[in-house]
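Structure first, commentary second.
The values are calculated or read from the model by the stated rules, or taken from the named source; none is laboratory data. These numbers were taken from a predicted model, which means no experiment stands behind them. Neighbour counts are summed over all protein chains in view; Cβ atoms, including those assigned to glycine, are modelled from backbone coordinates with ideal geometry. We work out accessible area using only protein heavy atoms, side chains counted, and drop any ligands, DNA or RNA first. Shrake-Rupley method; radii C 1.70, N 1.55, O 1.52, S 1.80 Å.
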There are 2 protein chains.
Amino acid sequence: MIVDCHGHYTTAPGELAVWRKRQLASAGQALTAPKITDDQIRESLEGAQLKLQRERGTDVTFFSPRASAMEHHAGDAATSLAWSQVCNDLIHRACTLYPDNFVGVCQLPQSPRVPPATNIAELERCVKDLGFIGCNLNPDPSGGHWTDPPLTDRWWYPLYEKLVELDVPAMVHVSSSCNPNFHATGAHYINADTTAFMQFLTADLFRDFPTLRFVIPHGGGAVPYHWGRYRGLAQDMKRPPLRELLLDNVFFDTCVYHLPGIELLLRVIPVDNVLFASEMVGAVRGTDPETGHYFDDTKRYVDAVTWLSFEDKRKIFEANARKIYPRWKPGG
Amino acid sequence: MIVDCHGHYTTAPGELAVWRKRQLASAGQALTAPKITDDQIRESLEGAQLKLQRERGTDVTFFSPRASAMEHHAGDAATSLAWSQVCNDLIHRACTLYPDNFVGVCQLPQSPRVPPATNIAELERCVKDLGFIGCNLNPDPSGGHWTDPPLTDRWWYPLYEKLVELDVPAMVHVSSSCNPNFHATGAHYINADTTAFMQFLTADLFRDFPTLRFVIPHGGGAVPYHWGRYRGLAQDMKRPPLRELLLDNVFFDTCVYHLPGIELLLRVIPVDNVLFASEMVGAVRGTDPETGHYFDDTKRYVDAVTWLSFEDKRKIFEANARKIYPRWKPGG
C-alpha cells in the first residue's frame, strides 16, 4: 500500500473561499457554514487528487485543509476557530465520501500570541469525533513575523500533552506569509522546516515528551542537505548525536521535487525516518521538461532510487506511516 | 591556486570584543580605535586560519569581519558605521600583514530601516582606499525580524548602482539573530540564503542590473536540495528558466559540511556557478567522527567528487573567483 502522508485540499469548491472572504469582512459576526454539496466535493476531487492517485499508483492521502489558506494571522482566535471548523468539517466530508482514499488531518485554530492550549478542543473534536489521525501545527502563526515562542518553549506544552494523550503526530507547517521578504512556498515553508529542526536540536523537548512526534515536511527544509552542519553543530554544543537526540521523534517527508534531492535525503536520513509524500495538488503543479513528468510526482523519484531494498521502500511507503500515525487503521 | 571565497575573522584579538562592548554601552559617544598590535593579529591568525590553510592546501581566503558580530540591529546607523570601520580596518591590517593569504571583503554599516545608500561611503573607502574586492550584504539588518524590504526592492538600488560601478560582488550574509526562533548559524543563516534566492527568482532585478553579482553562501541554503521545486515554481509563475533568469548573477559557495551535500550541489548547479569556500574558522569547528576530518574541511569533499574534470575543479577553486571578483589580482 502506498500512503501519501501530506496532501491539502487545495481544490476545494469556490464557495469555501467566498465564505472565508465574507468571514474576514464580517468583523466577528457568526456566519452559517458554506453551502457545498457532496457532488461539488466529488467533482473537486475526481479530476484532481483522485485522478492523480490513480495515475501515480498511490492509495491513500493523509488529507488536511489548504495550508496557505490557514492564515492564522488573519482576524483573531475566534476567527481562526470558526474557519478551522469549517475547513476541518469539509475534510471530514471528503474522507467520508472516499474513506479508502483520504484520511483526515486537521488544521488548528491558532492565532498569534494566543496560548496553544486554545487549540485542544478543536484537536479533540477532529480526532475523537471525526476520526482524524494527525494535525498541522504552525510554528509561526504570525505569518512570517515569527512573534511566538519557539516550538520547544513551555508555551506549547499543554498542546503537546494532548497530542501525546491522543497519540497523534503534528506536521510542522506554516501558512502563507504576510512578510514581503518571504515567498510562501519558495521560502517561508522551507525556512520554517529548517527553523523547527534547529529548535528541536537545541532543546530537550523530547526528554519531556518521549513519545511526541513531528513530521517535518518538504523533505525537512534544508536539513538533509546540511546534515553535516547539523551533526557538527550538535557536537560543538555537546548535544547527543542527532539520531539519539531527535530521530525517535522527528520524521521527514519526501516532498522534494527532483531525483537528486530525494537521493540525498535517502542517503543521509535513516529510512525509518522518511515518509512518502507528494503534497499534490500543491506548491508546484507543472511538468518537469527534463523528465516529462510532474515535478510533484515524488513516487517516481523514490521508485528510481536503486539501492533501497524492498523492505526500505515498504517502510517509506507504508510501515512508517502506520508507526507514526497509529490511529490510522486502513479499512477499519 | 585554491581560493576560499568565504572566511571571517572569527579569531580576532579579544580587544575587539571589549571595544564593541564599550561602544554599545557608550550611548553614541565616540571612542578611539581599539589598541591591537601587529603581533596580536599575527598570533590570532597563525594558529588558526593560516595553520588551516597550510594543512588543507588552500592558498588565499577572501576575508571579512566576523558575520555574527556585525549585529546591524544593535545601536543605530552611527554605531554601525563606527563598528564597521573598526572591523574593516582590522581586516585591512590582516591583509597587509599576509597579502598572499588574505584579501579583504568588507562589512557594511547597515542599520534596520536606514536607506542602503548610507553604506556607499564605507564601501567606497574599503574598495578604493583599502583594496577590498567585495562586501557582505545583510538582507535582514533587523536580526531575525525581517523588517526591511526584500533585496529586489528599489530601496536597495542606490547601493547596487555603486556595486556595479565598483565591479564588486556582494555575499548575502545575515548576522546573529535576536529572534529566539532562529538559531544564528543553524537556522537564520540558511533561511536567509533560501529567502534571498526566492526573492531574486520572483523579481526582475537582473534586468535592471545585468552585471550585479551575488554569492549565496552555505551552499545556497536549501536551494540546491530543492532545485526541482525552484525550477517548478519559476515555470508555474511563467518566469524564464533559472539558468537564464539568475545564473549570470547568482553564485553558490561550497560551505556544505558533508560529502553527500557537496555532491548534490555539484550535480544540480552548473560548475560555473559554484565557488570554493569553507567559512573556516566558523560555524562548525569540530571533527566529524564519521570521517576523522574537520566538518568544515570542504576541500576534501570537492576533491572527492570523482566525476568533476580538472577544468571543472579549476573553475570551482579559482577561475570562478577571478570572474566574479575581478578586482582580485593575485600577486598584484
What list of ³J(HN,Hα) couplings, whole Hz, do you get for the stretch A:2-13 from phi and the Karplus terms 6.51, -1.76, 1.60, once you set θ to phi - 60° and write x for glycine and proline?
10, 10, 9, 7, 8, x, 10, 7, 7, 10, 4, x
Translational diffusion of the stretch B:70-187, µm² s⁻¹ [Kirkwood Rh, Cα pairs; Stokes-Einstein; 10 °C; 1.306 mPa s]
109
Assigned charges on the beta-carbon of Lys, Arg, Asp, Glu; the stretch A:1-99 dipole about Cα centre (debye)
160
What is the distance in Å between the Cα centroid of the stretch A:134-172 and that of the stretch A:208-268?
18
Portion, in percent, of the accessible area of the stretch B:1-157 that falls on carbon or sulfur, probe 1.4 Å:
54
Shielding by partners, peptide A:294-301 (average Cβ within 10 angstrom, other chains):
2
Which far-off residues, 5 or more places away or on another chain, put their amide H under 5 Å from the one on B:His8, with H placed in the peptide plane?
B:Ser64, B:Val281
Determine how many Å³ per residue the convex hull of the Cα atoms of the stretch B:212-267 encloses.
75
Quick one: which residues, 5+ away or cross-chain, put their amide H under 5 Å from the amide H of B:Thr61? H built at 1.01 Å from N.
B:Asp4, B:Phe102, B:Val103
Can you pull the three principal axis extents for the Cα set of the stretch A:191-332, in Å, largest first?
47, 39, 28
Which residue, A:Met198, A:Met70, A:Met171, tops the fluctuation ranking in a GNM of chain A built on C-alpha contacts under 10 Å?
A:Met198
Using θ = phi - 60° and the Karplus curve 6.51 cos²θ - 1.76 cosθ + 1.60, what whole-Hz ³J(HN,Hα) does each residue of the stretch A:102-111 get, with Gly and Pro shown as x?
10, 10, x, 10, 9, 7, 9, x, 6, 7
Please state the shape class of the stretch B:131-236: rounded when a/c is under 1.5, otherwise prolate if a/b exceeds b/c and oblate if not, all from the C-alpha gyration tensor.
oblate
Who wins for biggest fluctuation among B:Pro158, B:Pro241, B:Pro180 in a Gaussian network model of chain B, springs between alpha carbons below 10 Å?
B:Pro180
Restricting the calculation to Cα positions, tell me the Rg (one decimal) and the Dmax (whole number) of the stretch B:252-323 in Å.
11.8, 36
Chain B: most fluctuating residue of B:Ile36, B:Ile120, B:Ile190 per GNM, C-alpha cutoff 10 Å
B:Ile36
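Based on alpha-carbon positions alone, could you give the equivalent ellipsoid semi-axes of the stretch B:33-125 from the gyration tensor, as √(5λ), descending, whole Å?
Three semi-axes, in Å: 27, 14, 12.
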Simple spin-label estimate for B:Glu15 and B:Arg154 in nanometres, 7 Å along Cα-Cβ:
4.7
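Provide a whole-number value for the mean count of partner chain Cβ atoms within 10 Å of the Cβ atoms in peptide B:121-130.
Mean partner-chain Cβ count within 10 Å for B:121-130: 0.
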Quick check: pseudo-label points 7 Å beyond the Cα along Cα→Cβ at B:Thr37 and A:Asp76, how many nm apart are they?
6.6
Would you tell me the accessible area of A:Thr32, worked out with a 1.4 angstrom probe on the heavy atoms of the protein chains, in Å² to the nearest 10?
100
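Short version: what are the Cα gyration tensor semi-axes of chain B, square root of 5 times each eigenvalue, largest first, in whole Å? Please list the in-between numbers first.
Details: eigenvalues 162, 124, 69 Å².
Result for chain B: semi-axes of 28, 25, 19 Å.
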If you build the Cα gyration tensor of the stretch A:177-258 and take the root of 5 times each eigenvalue, what three semi-axes come out, in whole angstrom, biggest first?
23, 14, 13
Express the accessible area of the stretch B:55-172 per residue in Å², computed with a 1.4 Å probe while the remaining protein chains stay in the model.
31
Taking a label point 7 Å from the Cα of A:Asp236 along Cα-to-Cβ, the residues of the stretch B:13-57 whose backbone nitrogen sits under 17 Å from it are B:48-50, B:52-53
Once you have the alpha carbon radius of gyration of the stretch B:72-133, what is it after dividing by 2.2 N^0.38 Å, with N set to its residue count?
1.14
Per residue Cα convex hull volume for the stretch B:168-208, in cubic angstrom?
85
Note to self: C-alpha centroids of the stretch B:5-28 and the stretch A:284-332 sit apart, in Å, by 50
Whenever you get a sec, line up A:Thr254, A:Thr306 from highest to lowest accessible area (probe 1.4 Å, protein heavy atoms).
A:Thr306, A:Thr254
Rounded to two decimal places and with Rh computed the Kirkwood way over Cα pairs, what is Rg over Rh for the protein assembly as shown?
0.98
What's the buried accessible area, both sides, between A and B using a 1.4 Å probe, rounded to 100 Å²?
4700
Close lysine pairs (chain A; alpha-carbon distance under 21 Å; 8 or more apart or on separate chains) counted at 14
Dipole magnitude (debye, nearest 20) for the protein assembly as shown, charges at Cβ of Lys, Arg, Asp, Glu
140
What are the ³J(HN,Hα) couplings of the stretch B:82-98, residue after residue, when phi is run through the Karplus curve with 6.51, -1.76, 1.60 and θ = phi - 60°? Round to Hz, x for glycine and proline.
4, 5, 5, 4, 4, 5, 5, 4, 5, 4, 4, 5, 4, 5, 6, 5, 10
Residues of the stretch A:194-209 with accessible area at least 40 Å² lower in the all-protein-chain context than alone (1.4 Å probe)?
A:Thr195, A:Met198
